[in-house]
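Below is one structure, written out as structure tokens; the observations come after it.
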Amino acid sequence: MAYIDSYYSRTSEPGIQARALQEQIDTTVCIVGGGLAGISTALGLVERRVSCVLLESQQVGWGASGRNGGFVGRGFSQSALKLTKTVGESHAKRLYSLTGQACELIQHRIKGHEDSIRQPGTGSVTASWFDDESGVKHYVEEMNRIFNESLEFWPRGKIAENYLTTRYYDGFLKPDTMRFHSLNYALHMARLAMEKGARIFEGTPAEKIGRKGSRWHIVTPSGVVNADQIVYACSGYIGSLHGKLSRATLPVATFILLTEPLGDRLRDAIRSPYAAADNRFSSNYYRVVGDKQILWGGRVSMFHPAQERLRVIMVNDLLSVYPQLKGIVGEVAWGGVMGYAKHKMPQIGQLKPGEWYCQGFGGTGMATTTMGGELIASAIAAGDDQYQVFAPFGLNYVGKPFGPVIAQLAYWSYQLQDALQVSRLNRKF
Ligand SMILES: Cc1cc2nc3c(=O)[nH]c(=O)nc-3n(C[C@H](O)[C@H](O)[C@H](O)COP(=O)(O)OP(=O)(O)OC[C@H]3O[C@@H](n4cnc5c(N)ncnc54)[C@H](O)[C@@H]3O)c2cc1C
């Protein structure tokens, strides 16, 4: 299936054009899923001289990996400060530092290809939706103290000069968030893996997976892979492929809008060179791309509205923050599905010898998928048990077959919590 219509597919480099599997092949490791989790695992394996085959139902980067917000930085979907409470400070620091190492590895891997992958500007501002100066200051101080971050507190006056909305209060700058063309990045990673020997097949869904003797037997529409080990990296698109992994995956749809070029009107709303997000549970995140266009992300839903309707919904969301932009037109809007675990942390581990999973990256997967791929590749190639740092974050049942309904209920409950916090803290609304 072709890439969906999005800012990324409209501006991407050509796909890798891998063929579908038509024969029976043998390999050491078979990876199912060609998003960043699967591709990173493949790349990690071939860099360690382990042969692998990757099967992708559609095209590499077709899922969340090639259509996301493009924010690349440290951290997880779960708040780092919350992690200190659930697993303790030193374990949380260890987990967080793995995402820092992933960011460094990503920069190394894209060397020489920055022009097509990195987009202008570095740094992102998180603006508080709530009148809670001391809460924001506390967050900044604790992140800097515990995780050696270099967050910079921005008082509300400075936020207001940069983002011309009455919605925000104080905030902070995370100076080193990168911005990527997510599809070009996924394609580059896939090309790197192929150059080093990974065999990638597109248009090749794994339909049936079982054991034949001591090996995995993966059946696709026109072929078969026999492998010593298998890695599942299907995220929110896993469907019913694997009972336990499917039941532990909450597929959550989320959406992005690209506006028309705004010219001088952009300055009526945004004067900052930094990407931005707010700090609600169900937040908006956005950045300027192309010809002074806003790439505006947000919303979580069980329903995927039709393209035209989605465009209107997303423009209205944008106008609820920046009403002065009334009249602007959305150029294209699209959605993607994230795979969430109940604990909002990645699920990285082994079900039984030779049966691995690398999933659950939620809304923060650009760097963490590199980390997941490295942990699994190193475990397979060298018996490295570092992946066990994710043992506390297991495969909890997420309530399937009611997953999407539960996602919607969770989203409404998050919205309710945001509204309660507004009424508790904010005086101006
Ligand atoms: C709209 C949106 C905005 C986001 N913004 C950001 C952001 O700014 N920064 C950030 O860090 N993260 C962001 N994320 C999250 C990030 O994109 C994901 O966490 C990450 O891409 C997950 O990668 P993945 O490989 O696990 O999953 P995916 O990229 O979804 O890949 C899974 C792949 O598995 C394939 N597959 C499924 N079943 C089979 C099968 N049976 N056989 C073969 N193949 C199969 C699918 O076709 C798919 O290509 C966003 C996500 C969305 C949807």
Open item on the list: Checking the conditions here, which among Val225, Val231, Val288, Val252 is farther than 21 Å from Trp356 by Cβ and modelled with pLDDT of 95 or more?
Closed with: Val288
Task: Where Asp384 falls short, out of the listed (1) closer than 18 Å to Glu47 by Cα; (2) in contact (Cβ under 8 Å) with a residue 24 or more places away in the chain - done: (2)
TODO: Quick one: in the stretch 119-138, of everything that is in a strand (DSSP E or B) and of a type in the set (Ser, Thr, Tyr), which residue is nearest to Ser272 (Cα to Cα)?
DONE: Ser124
Open item on the list: Test of understanding: among Ala190, Ala206, which residue is part of a loop (DSSP other than H, G, I, E, B) and buried (at least 20 other Cβ atoms within 10 Å of the Cβ)?
Closed with: Ala206
Task: Single match in Leu36, Leu45 (criterion: among the aliphatic types (A, V, I, L, M), crowded, with 18+ Cβ neighbours inside 10 Å and under 19 Å from the mean Cα position of the chain (by Cα)) - done: Leu36
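Per-residue answers, yes or no, for (1) under 25 Å from Tyr96 (Cβ atoms); (2) more than 15 Å from the chain's Cα centre (by Cα); (3) away from the ligand (no atom under 16 Å from the Cβ); (4) not in a helix (DSSP H, G or I):
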residue	(1), (2), (3), (4)
Asp317	no, yes, no, no
Gly327	no, yes, yes, yes
Gly349	yes, yes, no, yes
Tyr357	yes, yes, no, yes
Met371	yes, no, no, no
Ile380	yes, yes, yes, no
Val389	yes, yes, yes, no
Gly394	yes, yes, yes, yes
Task: the stretch 130-166: number of residues that are in contact with a helix residue (DSSP H, G or I) (Cβ under 7 Å, 6 or more places away or on another chain) and closer than 29 Å to Tyr8 by Cβ - done: 4
- [ ] Kindly indicate whether any position in the stretch 266-273 is within 16 Å of the ligand (Cβ to nearest atom), over 18 Å from the mean Cα position of the chain (by Cα) and more than 21 Å from Tyr397 (Cα to Cα).
- [x] no
Open item on the list: Return the residues of the stretch 129-149 that are of a type in the set (Ser, Thr, Tyr) and touching a Leu at 6+ places or on another chain (Cβ under 9 Å); say none if nothing qualifies.
Closed with: Tyr139
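Inside the stretch 115-133, can you point out the residues that are hydrophobic (A, V, I, L, M, F, W, C) and either closer than 17 Å to Pro155 by Cα or touching a Cys at 6+ places or on another chain (Cβ under 7 Å) (or both)?
Those that are hydrophobic (A, V, I, L, M, F, W, C) and either closer than 17 Å to Pro155 by Cα or touching a Cys at 6+ places or on another chain (Cβ under 7 Å) (or both): Val125, Ala127, Trp129, Phe130.
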Task: Conditions (1) surrounded by fewer than 21 Cβ atoms within 10 Å (Cβ to Cβ); (2) under 27 Å from Gln417 (Cα atoms); (3) at pLDDT 95 or above; (4) in contact with a strand residue (DSSP E or B) (Cβ under 8 Å, 6 or more places away or on another chain); number of the one not met by Gly336 - done: (1)
Open item on the list: Being part of a strand (DSSP E or B), crowded, with 19+ Cβ neighbours inside 10 Å and within 13 Å of the ligand (Cβ to nearest atom): is that true of Val225 here?
Closed with: yes
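The values are calculated or read from the model by the stated rules, or taken from the named source; none is laboratory data. Worth saying up front: this structure is predicted, and the values here are computed from it rather than measured. In this analysis, Cβ positions are derived from the backbone assuming ideal geometry, glycine residues included, and neighbour counts consider all displayed protein chains.
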